[in-house]
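J.: Provided herewith is a single structure, encoded as structure tokens, for subsequent inquiry.
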Amino acid sequence: MTSQAKTIERDRSTPFRMFWLTSLSMILILAQSLVAQSQESFANLAEQVSPAVVNITTSTTVAGRTGPQGIVPEGSPFEDFFREFQDRNGQGDRPRRSSALGSGFVISEDGFIVTNNHVIEGADEILIEFFEGFELPAEIVGTDPNTDIALLKVESETPLKFVSFGDSDTARVGDWVMAMGNPLGQGFSVSAGIVSARNRALSGTYDDYIQTDAAINRGNSGGPLFNMDGEVIGVNTAILSPNGGSIGIGFSMASNVVTRVVDQLQEFGETRRGWLGVSIQDVTDDVAEALGLEEARGALVSNVPEGPAKEAGIEAGDVIVNFDGREVEDTRGLVRQVGNTEVGKAVRVVINRDGATQTLLVTLGRREDAETAVPASQPGPDEEETPQSMDLMGLTLSPLTGEIREQLELPESAKGLAVMDVDETSEAFEKGLRAGDVITEAGQAQVLALSDLEDRIAEARDAGRKSILLLVRRGGDPRFVALTIAEDQ
């Protein structure tokens with residue numbers, strides 16, 4: 001192609017390139033405009049829900065100080081001077097009032113208000129400040145420390161503005177959310193962010209937190225987390241921070257947990273959670289292999305005290321794989337499923353026992369009535385075993401004798417093999433076994449003598465298993481541990 005022809009070809013293509021570049025630029029500008037419009041303002045939403053958000057001030061009587069504590073050491077020559085100074089300023093032995101601030105939100109026109117339990121815990125007086133500027137005293141209807149939720153009630157001559165709960169299960173990571181409350185006592189305040197994560201657990205049994213980067217600070221506790229439809233999908237409860245201020249990691253208790261608690265507090269003034277009556281632990285890969293399970297899922301029963309599960313025939317070593325028609329993935333899921341089930345309901349529980357599934361019918365009790373339940377004692381014959389010891393799987397083991405029971409402060413009914421020492425380089429040490437532990441079962445069969453454990457190991461090896469499941473008790477608390485079987489054992 002000649003130089004002139006190339007020039008003509010470039011001249012022909014230039015308009016097309018310019019057209020596409022211009023079109024692409026317009027598309028990008030339009031997209032940025034749409035994004036900007038979607039993020040432009042939360043003003044309409046804030047205006048819509050603000051009347052239902054409240055500031056909470058609590059007042060508590062604190063005993064007076066008996067002296068100038070924390071100012072000068074006891075016996076100091078300046079002690080009398082500072083005591084006189086405190087008395088002149090009303091800081092002597094007289095009781096004083098301590099105030100705290102928090103947030104909350106109205107959920108009904110007749111004055112029910114939701115907040116955090118830690119906001120009002122121990123309060124003598126609770127005062128609710130509304131967005132419009134008026135104040136009303138509040139009474140506690142009920143509290144649930146397990147989820148840190150409290151329900152309050154105010155009496156108003158006129159219907160109050162309120163907000164409704166949304167479905168927290170529909171919230172997706174990346175969704176816009178808006179938090180409202182009374183941060184650091186500064187009054188009504190709004191912050192916005194996104195859902196950073198779902199199903200977070202902090203420390204509670206029933207935790208189901210939404211993580212958000214919307215600014216949450218002290219004083220925001222108990223306030224609502226809204227979705228863009230103006231529905232409450234969380235109650236702002238905690239932050240992760242090295243300095244006490246927001247660093248963009250806040251936690252709101254999911255609304256689907258809160259609504260169940262609030263319904264029970266309204267109806268009963270307390271929570272009434274279902275109770276199965278078992279101690280459980282997660283099924284790890286090595287535990288699954290030791291039990292011959294195809295996959296590591298479900299909840300492994302480590303202990304069955306007197307209660308609903310024992311009456312229904314559930315035993316230690318069973319793996320609960322289905323509860324009331326829903327698959328059980330792990331212990332956390334089972335605890336929440338049981339706790340959310342009605343007390344007294346008869347539910348079908350599917351277990352895996354010795355490689356086969358069984359379905360048992362269990363009538364649930366009430367967890368609150370069973371908080372002090374004592375685990376059942378481990379059965380076994382009364383005769384003493386001949387003192388001896390053996391090293392197996394990194395453990396130095398000895399049958400329980402009267403002398404060892406006394407050393408370990410165990411009851412006379414305790415039976416099994418005492419762990420006298422643990423090789424710190426062994427798998428057993430890595431998995432938490434320590435001197436003083438007691439092994440009561442191996443391969444889901446009771447062990448009273450060292451020969452019993454050797455037999456269980458041989459049976460596991462003959463069955464082609466690479467590990468054996470031990471039931472270990474420490475201070476009365478049982479747990480299962482799977483240990484690898486060495487070739488020479």
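J.: Picking from Ile280, Ile233, which residue would you name as being part of a strand (DSSP E or B), surrounded by 16 or more Cβ atoms within 10 Å (Cβ to Cβ) and in contact with a Pro (Cβ under 9 Å, 6 or more places away or on another chain)?
T.: Details: Ile280 fails: in contact with a Pro (Cβ under 9 Å, 6 or more places away or on another chain).
Every option except Ile233 fails the conditions.
J.: A further question follows. Looking only at region 207-223, decide whether some residue is of a type outside the set (Lys, Arg), in contact with a Leu (Cβ under 8 Å, 6 or more places away or on another chain), at pLDDT below 90 and farther than 19 Å from Val261 by Cα.
T.: The answer is yes; a qualifying residue exists.
J.: Right, something else. Identify all residues within region 359-389 that are of a type outside the set (Val, Ile, Thr), surrounded by 11 or more Cβ atoms within 10 Å (Cβ to Cβ) and at pLDDT 85 or above; write none if there are none.
T.: Selection gives Leu360, Leu364, Gly365, Arg366, Arg367.
J.: Now, a different point. Which ones in region 155-170 are surrounded by 13 or more Cβ atoms within 10 Å (Cβ to Cβ) and without any contact (Cβ under 8 Å) to a residue 60 or more places away in the chain?
T.: Ser156
J.: Still on this structure, please answer the following. Out of region 329-358, which residues are basic (Lys, Arg) and loosely packed, with under 15 Cβ neighbours inside 10 Å? Reasoning before the result, please.
T.: Of region 329-358, the ones basic (Lys, Arg) are 332, 336, 345, 348, 353.
Answer for region 329-358, where residues must be basic (Lys, Arg) and loosely packed, with under 15 Cβ neighbours inside 10 Å: Lys345, Arg348.
J.: While we're looking at this one, here's another question. Listed residues Val177, Val119, Val195, Val173; which is within 24 Å of Asp263 (Cβ to Cβ) and either at pLDDT 95 or above or surrounded by fewer than 20 Cβ atoms within 10 Å (Cβ to Cβ) (or both)?
T.: After ruling out the rest, the residue left standing is Val177.
J.: Identify the single condition in (1) under 25 Å from Thr57 (Cα atoms); (2) surrounded by fewer than 17 Cβ atoms within 10 Å (Cβ to Cβ) that Ser189 does not satisfy, given that it satisfies every other one.
T.: Ser189 satisfies all of (1) under 25 Å from Thr57 (Cα atoms); (2) surrounded by fewer than 17 Cβ atoms within 10 Å (Cβ to Cβ) except (2).
J.: Sticking with this structure for a sec: Condition check: surrounded by 15 or more Cβ atoms within 10 Å (Cβ to Cβ) and without any contact (Cβ under 8 Å) to a residue 40 or more places away in the chain. Does Ser451 satisfy that?
T.: No, not satisfied.
J.: Being in a strand (DSSP E or B) and within 19 Å of Leu408 (Cβ to Cβ) is the filter here; which residues of region 443-473 pass it?
T.: Gln446, Leu470, Leu471, Val472, Arg473
J.: Is there a residue being outside the structural domain of Ala238 (by TED's automatic domain parsing), at pLDDT 95 or above, in contact with a Lys or Arg (Cβ under 9 Å, 6 or more places away or on another chain) and among the small types (Gly, Ala, Ser) anywhere in region 137-151?
T.: Yes, region 137-151 has at least one match.
J.: Can you list the strands (runs of 3 or more DSSP E) lying wholly within region 389-437 that have 2 or more residues being under 15 Å from Leu470 (Cα atoms)? If you could, list the steps in order and put the result at the bottom.
T.: Details: elements: 390-392, 395-399, 417-422.
Hits in region 389-437: 395-399, 417-422.
J.: Condition first: part of a strand (DSSP E or B), among the acidic types (Asp, Glu) and under 31 Å from the mean Cα position of the chain (by Cα). Now tell me which residues in region 130-162 satisfy that.
T.: If the condition is that a residue be part of a strand (DSSP E or B), among the acidic types (Asp, Glu) and under 31 Å from the mean Cα position of the chain (by Cα), then Glu139, Asp144 are the ones that fit.
The values are calculated or read from the model by the stated rules, or taken from the named source; none is laboratory data. Predicted model, so just to flag it, every value in this text is computed and none were measured. Every residue, glycine among them, receives a Cβ derived from its backbone with ideal geometry; neighbour counts consider all protein chains shown.
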